[in-house]
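A.B. asks: Right, I'll just put the structure down here and ask away after.
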Amino acid sequence: MKLYNTFTNQKEEFKPVEDGKVKFYVCGPTVYNYIHIGNARAFIVNDVLRRFFEFSGYEVNYILNITDIDDKIINQAVTEKVDVGEITKKYSAAFFEDIKNLNIKPATHNPRATEHIEEIIALIESLVEQGFAYESKGDVLFDISKFDDYGKLSGKNLDDLRAGARVAIDEKKNNPLDFVLWKKQKPGEPAWASPWGKGRPGWHIECSAMSMKYLGDTFDIHAGGIDLAFPHHENEIAQSECASKNKFVKYWLHNGFLKIDGDKMSKSLGNFRTVKDILESYSYSAIRTFFLQKHYRSPIDLTSDGLQAAKSASIKLNIFYKNLCQAITGFESDLEIIETASFSEKDAEYLTNIKQLRIEFVNALNDDMNTPTAISKLFEIVRHGNQLLTNEPLSENQKLLGKLTQKYIEDFDLVFGILDAKGKEFDSGLVGDLMEVLMEMRSDLRTKKEWALSDKIRDSLGGMGIVLEDKEGVTTWRKK
Ligand SMILES: [Zn+2]
């Protein structure tokens, strides 16, 4: 398997520190607000990579931290007029809810910064003792002049950085680029006792301390959004390698930016979209499909059209899967006999095609997680599968092919996580297709403001125990 390592700027063969195991760290959220859809991209693409490692037989130790002490959290507590603890409790619960609703697998551990103060202090002490950090008026700062490789990950040149930082001269710092490891307590702020007096950790040191605690001095993958490469990840490398004298991370992976309708997402532009909001109108299946259709390193532009197209694709997949399951209901046969069965020419061709698509799916993912290609193979299987279903009722051999198709789709889904679990409760087959037609007709009526007819459809379906829900111009249906 090849992955693009941001540290070396090239695709490299993945060779784990320990055979058969992957030690994987993802920078988690600072829990002061609901996460936005840009944050979600990092969590989804890394979830898919983690799932693909597991699919390929690796045991993955997946660590996603929670930053629960930070300036932003303290400010939010002031805004909401509550304790810092209430803010972090509320927004970390919201984060886990969002993660679950996006069908992201739970991490092996979710370490919290405030539960690792001891480890953080020990790491800072080691840096001070070895001369890489110094105390200044109750703060502890990292001395970047002591680390020759500073700037290597982000490709930043120290002289340029120095020039850029000239304006921000801080009397506490020996060098304007030195960064804080420990912050002296300000009145009213949460604080912990330390050898340098009461204070709290800086953000960068938290990730170094927690990743090394759970994964060791050297681990395989450290991932996050490209905006974290500098200074966050650069600083993590400096702290960790100076303290341990070992290489910190083998593969640095960074996912691309997300824009909204071509603009940068920002509160001032009013285009800030939380995961919670988007989940009101789109299923996890649609949202994940949307992200998977773009390579993780490319920038992505979130538009309603894009989401709508991903939604249609995911509906097609889920309807096909339901129809397929129904077409082979009760068919109990060992898939191994497929190798010796004698197929018609057309059925044999079907088998060759879908086997080839499964190989191409794995090859695409092995090539730096090429999910756009991999997911296109899934949709090709759906296209072939729909052809197969036109033969209904299926012959025994065709049911065998159907069963293999079902297994492949379920295999693909171990990686993608886009099959709609709720969808399985719905009636499959003709009913599903008819509902799609009705939904479209009703949507046209609503566009033309033909409310009476549109309501009549809803009421009649209501009488049959089917509930329609209209959200942001999209109608979904479910059984009562
Ligand atoms: Zn981090």
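The values are calculated or read from the model by the stated rules, or taken from the named source; none is laboratory data. Please read all numbers here as calculations on a predicted model, not as lab measurements. All Cβ positions, even for glycine, are placed from backbone atoms using ideal geometry, and neighbour counts span all protein chains on display.
A.B. asks: If you go through the range 231-258, how many residues are within 23 Å of L302 (Cβ to Cβ) and either within 11 Å of the ligand (Cβ to nearest atom) or modelled with pLDDT of 95 or more (or both)?
C.D. replies: Let us first name the residues in the range 231-258 that are within 23 Å of L302 (Cβ to Cβ), namely 253-258.
Those left that are additionally either within 11 Å of the ligand (Cβ to nearest atom) or modelled with pLDDT of 95 or more (or both): 253-256, 258.
Number satisfying all stated conditions: 5.
A.B. asks: Still on this structure: Can you name every residue in the range 19-33 that is within 21 Å of K105 (Cβ to Cβ) and either in contact with a Gly (Cβ under 7 Å, 6 or more places away or on another chain) or not hydrophobic (A, V, I, L, M, F, W, C) (or both)?
C.D. replies: Let us first name the residues in the range 19-33 that are within 21 Å of K105 (Cβ to Cβ), namely 20-29, 31.
Result: G20, K21, K23, Y25, V26, C27, G28, P29.
A.B. asks: Still on this model: How many of the residues in the range 385-416 are surrounded by fewer than 16 Cβ atoms within 10 Å (Cβ to Cβ) and assigned to a helix (DSSP H, G or I)?
C.D. replies: 7
A.B. asks: List pairs: first in the range 239-250 and farther than 18 Å from I120 by Cβ, second among the polar types (S, T, N, Q) and surrounded by fewer than 21 Cβ atoms within 10 Å (Cβ to Cβ), Cβ under 6 Å, 6+ apart or cross-chain?
C.D. replies: N246/T218; K247/T218
A.B. asks: In a helix (DSSP H, G or I) and in contact (Cβ under 8 Å) with a residue 40 or more places away in the chain: is that true of S298 in this structure?
C.D. replies: Working: in a helix (DSSP H, G or I): no; in contact (Cβ under 8 Å) with a residue 40 or more places away in the chain: yes.
When the stated conditions are applied, S298 does not pass them.
A.B. asks: In this structure, is T67 polar (S, T, N, Q), crowded, with 23+ Cβ neighbours inside 10 Å and more than 16 Å from the ligand (Cβ to nearest atom)? Working first, answer last.
C.D. replies: Numbers: polar (S, T, N, Q): yes; crowded, with 23+ Cβ neighbours inside 10 Å: yes; more than 16 Å from the ligand (Cβ to nearest atom): no.
In short, no.
A.B. asks: Given the structure, is L141 buried (at least 17 other Cβ atoms within 10 Å of the Cβ), in the same structural domain as E234 (by TED's automatic domain parsing) and either at pLDDT 95 or above or assigned to a strand (DSSP E or B) (or both)? Even if it seems obvious, please write down each step before you answer.
C.D. replies: Working: buried (at least 17 other Cβ atoms within 10 Å of the Cβ): yes; in the same structural domain as E234 (by TED's automatic domain parsing): yes; either at pLDDT 95 or above or assigned to a strand (DSSP E or B) (or both): yes.
Yes; evaluated as a whole, the condition is true for this residue.
A.B. asks: Here's another thing I want to ask about it. Hey, does the range 49-59 have a residue that's hydrophobic (A, V, I, L, M, F, W, C), in contact with a helix residue (DSSP H, G or I) (Cβ under 6 Å, 6 or more places away or on another chain) and buried (at least 20 other Cβ atoms within 10 Å of the Cβ)?
C.D. replies: If we filter the range 49-59 for residues that are hydrophobic (A, V, I, L, M, F, W, C), which is where we start, we get 49, 52-53, 55.
Within this subset, residues satisfying the condition of being in contact with a helix residue (DSSP H, G or I) (Cβ under 6 Å, 6 or more places away or on another chain) are 52, 55.
Now restrict to residues that are buried (at least 20 other Cβ atoms within 10 Å of the Cβ): 52.
Yes, the conditions are met somewhere in the range 49-59.
A.B. asks: I need every pair where a residue in the range 64-81 that is farther than 20 Å from E115 by Cβ has its Cβ under 8 Å from the Cβ of a residue that is of a type in the set (D, E, K, R) and more than 16 Å from the ligand (Cβ to nearest atom), sequence separation at least 6 or different chains.
C.D. replies: Listed pairs, sorted by first residue: E80/E86.
A.B. asks: Sticking with this structure for a sec: Working only within the range 11-34, note down all residues that are within 15 Å of the ligand (Cβ to nearest atom) and of a type in the set (A, V, I, L, M).
C.D. replies: V26, V31
A.B. asks: Can you tell me which residue is farthest from the chain's Cα centre (by Cα) among those in the range 307-331 that are outside any helix (DSSP H, G or I) and hydrophobic (A, V, I, L, M, F, W, C)?
C.D. replies: Within the range 307-331, the subset outside any helix (DSSP H, G or I) is 328-331.
Of the ones still in play, those that are also hydrophobic (A, V, I, L, M, F, W, C) are 328, 331.
Working: I328: 34, F331: 36 Å.
The selected residue is F331.
A.B. asks: Something else about it: So, in the range 1-51, exactly how many residues are within 12 Å of H222 (Cβ to Cβ) and aromatic (F, W, Y)?
C.D. replies: Looking only at that region, the number is 3.
A.B. asks: Something else about it: Just to be sure before I move on: is S314 touching a residue at least 24 places away in the same chain (Cβ under 8 Å), hydroxyl-bearing (S, T, Y) and in the same structural domain as L419 (by TED's automatic domain parsing) in the structure I sent?
C.D. replies: On the way: touching a residue at least 24 places away in the same chain (Cβ under 8 Å): yes; hydroxyl-bearing (S, T, Y): yes; in the same structural domain as L419 (by TED's automatic domain parsing): yes.
Yes; evaluated as a whole, the condition is true for this residue.
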